[in-house]
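Asks: This is the structure I have questions about; it appears just below.
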Amino acid sequence: MKKLSGIPASSGIAIGKAFLYLEDDFPEIPRYAIEETQIGAEWGRLLEAVAGAAEEIRALHERASRDMTKEQADIFEAHLLMLEDPEFQNQIKQELESTLLNIEWVVWDISRRQVQKLAASADAYLRERAADISDVSRRVMNKLLSITRFSLADLSEDVILVAHDLLPSDVLAMNKDRVKGIAMDVGSRTSHTAILARAFAIPAVLGLSSVSSEINDGEILVVNGDSGRVTLGPDKKSLQQYGKAIVQYRKTYDKLLAMRKLPAETLDGHQVSLKANIEIPEEAEQVMRYGAEGIGLYRSEFLFLTPGQSAEEEEQYQAYSRVIRAMKGLPVTIRTVDVGGDKVLPNLQNANEKNPLLGWRAVRFCLAMPELFKTQLRAILRASVAGPVKIMFPMISGVEELEQSLVLLEEAKAECRSRGQAYSDAIEVGTMIEIPSAAMTADILAARSRFFSIGTNDLVQYTLAADRGNEKVGYLAQPFHPAVLRLLKQIIGAAHKEGIKAAMCGELAGDPSATALLLGMGLDEFSMTASSIPVVKQIIRGAALESCRSLTEAALGCISFKQISDLAASWMAEYFPSG
Ligand code: PEP
Ligand code: MG
């Protein structure tokens, strides 16, 4: 029995036989010289292969448009655009003419170079795009080499799909009734595979480094999409335990979903609000079935990062309006663009910084690009007539940045007025607290904000000086560190003193082991991945505020994160003995 640890990408537990789906083992790619007179024929072969591949993608797109969400269908549209991109085809033609090598080799060589370049990028988003290029070029190569790839649509028995990497089209095309879980060497929560696994409710753990080389085809494994653990060759005892856990998980989850209309209220009548975090507009249509009382964080920068999508004012306005309408009168908090750091905009010059996480990010970037910032603000303002909207600014480090952002918001309002564009007067404007300097000056910021939203992902990163994307220092990035707890107490206290609400939209808000502590601190709003809402609500509904306050008080007296997590775990064991 061996345990591997990866990124929990889609919730749930699955036990099953591994179906090892390795990259296409292309036969050795033929490489031979051609005569100049053969260029035309080779080019003709390419066009034929591209037409065949396009036909396949169109069929997949048609199926996806019929059976899946727009987001899923869009993946194929993006693939089609890539395939038929004249620049891509020109590059192949030029290489064919200059190298005088056969077309298979030319296509393979160009795509390999592009994939390597993207895969080595520091930007997770660009790394994910490497998967799309592989997907498209493989399809063309299959045509050129007359390879028929095993289709995951043909899976006829229940399996756990194990791969080094899965192409988005594999996930879309696979027989979803047969794939009970997914384990992959690479990938992150923002990869297409993760998005799709969540959309299809298939438990998934990604970023496992070596799972595809450590397991044999047909071997049993367990995928735990909540803890990020994968157990290879589990012994009889753990199989039984996991089997029970699955039955329990399903029962509990169904029961929890049935609570979606009940308030998030403690046994002694203290009510808080549970909201959802979303990255793309399509997600808004799903969150209400988990009982979300609104969107607490819409990471609007994803609009700017989607390939083939422009983020002009009109597109932004449409996207924001779509989210607001989907929420049917429930509030939507739009976080203004947070690019930079690990989210580099390919066409703007915020790449190549030595310390991107300490660099030109989020509101710093927006303040330096006032037209881009005001375009977004106008789009949000205009969308606000469709329903209640809040705006929040990310990475505020002090009062100057907040005040400058508020000035630009007023300018954006004036521009809307002069254009005769309506907007709501009731928009609340808040501040994200995710930098220690903002936490330390929370009293000053609270006086100028209508609400706070605590971004614990960054707050932990900057407080502990531990890069949130670097697994080597992951052990340091502990939200239960006494320093973080003290900051949280200070932030929430400052908000309440000013009479404003304290929300949290970092991952900690959806972590059930932190729920009681956060309740005890007085957090008013928890915003998280929608599927975590039912579990957090269950804890809130089963807890008394008084006992949470005692827990928080005791935690604030602890000297290490270990002590605090042990304390939180024993509180859970006492009040929720069945887990
Ligand atoms: C955070 O930092 O906690 C947060 C919610 O923002 P993001 O994860 O997008 O940086
Ligand atoms: Mg953040």
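Asks: Determine, yes or no, whether Ile34 is surrounded by fewer than 19 Cβ atoms within 10 Å (Cβ to Cβ), more than 27 Å from Leu172 (Cβ to Cβ) and among the β-branched types (Val, Ile, Thr).
Replies: In short, yes.
Here is a yes/no grid of residues against (1) more than 25 Å from Leu517 (Cα to Cα); (2) not assigned by TED's automatic domain parsing to the domain that holds Ser527; (3) not in a strand (DSSP E or B):
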residue: Val230; (1), (2), (3): yes, yes, no
residue: Tyr242; (1), (2), (3): yes, yes, yes
residue: Arg250; (1), (2), (3): yes, yes, yes
residue: Leu257; (1), (2), (3): no, yes, yes
residue: Leu274; (1), (2), (3): no, no, no
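Asks: List the number of the failed condition for Val171; all other conditions in (1) farther than 12 Å from Ala14 by Cα; (2) surrounded by fewer than 22 Cβ atoms within 10 Å (Cβ to Cβ); (3) not basic (Lys, Arg) hold.
Replies: Only one criterion is unmet by Val171, namely (2).
Asks: Go through Glu42, Glu77 for me and flag whichever is more than 18 Å from Ala131 (Cα to Cα) and in the same structural domain as Glu104 (by TED's automatic domain parsing).
Replies: It is Glu42.
Asks: Test Leu409 against the criterion of being crowded, with 17+ Cβ neighbours inside 10 Å, farther than 22 Å from Phe526 by Cβ, away from ligand 1 (no atom under 15 Å from the Cβ) and at pLDDT 95 or above, and give yes or no.
Replies: Criteria met by Leu409.
Asks: Being open to solvent by less than 10 Å² (accessible area, probe 1.4 Å) and within 18 Å of the chain's Cα centre (by Cα) is the filter here, so list the residues in the range 191-230 that pass it.
Replies: Selection gives Ser191, Thr193, Ala194, Leu196, Ala197, Ile202, Ala204, Val205, Leu206, Leu208, Gly225, Gly228.
Asks: Go through (1) among the aliphatic types (A, V, I, L, M); (2) closer than 18 Å to Leu377 by Cβ; (3) surrounded by fewer than 22 Cβ atoms within 10 Å (Cβ to Cβ) for Leu297 and report which single condition fails.
Replies: Checking Leu297 against (1) among the aliphatic types (A, V, I, L, M); (2) closer than 18 Å to Leu377 by Cβ; (3) surrounded by fewer than 22 Cβ atoms within 10 Å (Cβ to Cβ), the one that fails is (3).
Asks: Does any residue of the range 355-367 turn out to be over 23 Å from the mean Cα position of the chain (by Cα), at pLDDT 90 or above and open to solvent by less than 50 Å² (accessible area, probe 1.4 Å)?
Replies: Yes, that holds for at least one residue.
Asks: Does Tyr423 count as hydroxyl-bearing (Ser, Thr, Tyr) and within 16 Å of ligand 1 (Cβ to nearest atom)?
Replies: no
Asks: Can I ask one more? Is there a residue being open to solvent by less than 40 Å² (accessible area, probe 1.4 Å) and modelled with pLDDT of 85 or more anywhere in the range 63-74?
Replies: No - not one qualifying residue is present in the range 63-74.
Asks: What pairs come up if the first residue lies in the range 370-394 and is under 19 Å from Lys328 (Cα atoms) and within 16 Å of ligand 1 (Cβ to nearest atom), the second is of a type in the set (D, E, K, R) and open to solvent by 30 Å² or more (accessible area, probe 1.4 Å), and their beta carbons are under 7 Å apart, counting only those six or more places apart or on different chains?
Replies: Lys390/Glu428
Asks: Among Gln271, Gln286, which is the only one that is without any contact (Cβ under 8 Å) to a residue 24 or more places away in the chain, surrounded by fewer than 22 Cβ atoms within 10 Å (Cβ to Cβ) and either closer than 24 Å to Gly542 by Cα or not β-branched (Val, Ile, Thr) (or both)?
Replies: Being without any contact (Cβ under 8 Å) to a residue 24 or more places away in the chain, surrounded by fewer than 22 Cβ atoms within 10 Å (Cβ to Cβ) and either closer than 24 Å to Gly542 by Cα or not β-branched (Val, Ile, Thr) (or both) holds for just one of Gln271, Gln286, which is Gln271.
For (1) of a type in the set (A, V, I, L, M); (2) touching a residue at least 40 places away in the same chain (Cβ under 8 Å); (3) at negative phi, each residue gets a yes or a no:
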| site | (1), (2), (3) |
| --- | --- |
| Ile160 | yes, yes, yes |
| Leu166 | yes, yes, yes |
| Gly181 | no, yes, yes |
| Ser188 | no, yes, yes |
| Ala201 | yes, yes, no |
| Leu232 | yes, yes, yes |
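Asks: Here's something else I'd like to know. Considering Leu4, Leu47, Leu81, which residue is over 36 Å from the mean Cα position of the chain (by Cα) and either under 25 Å from Asp217 (Cβ atoms) or surrounded by fewer than 18 Cβ atoms within 10 Å (Cβ to Cβ) (or both)?
Replies: Only one candidate passes the filter, namely Leu47.
Asks: Here are the criteria: (1) part of a loop (DSSP other than H, G, I, E, B); (2) at pLDDT 90 or above. Tell me which single one Val222 does not satisfy.
Replies: Here Val222 meets the rest and fails (1).
The values are calculated or read from the model by the stated rules, or taken from the named source; none is laboratory data. From a predicted model like this one, the values you see are computed outputs, not experimental measurements. FYI the Cβ positions are ideal-geometry reconstructions off the backbone, even for glycines, and counts take in every protein chain you see. Just the protein is used for accessible areas: all its heavy atoms, side chains included, with ligands, DNA and RNA removed. Shrake-Rupley method; radii C 1.70, N 1.55, O 1.52, S 1.80 Å.
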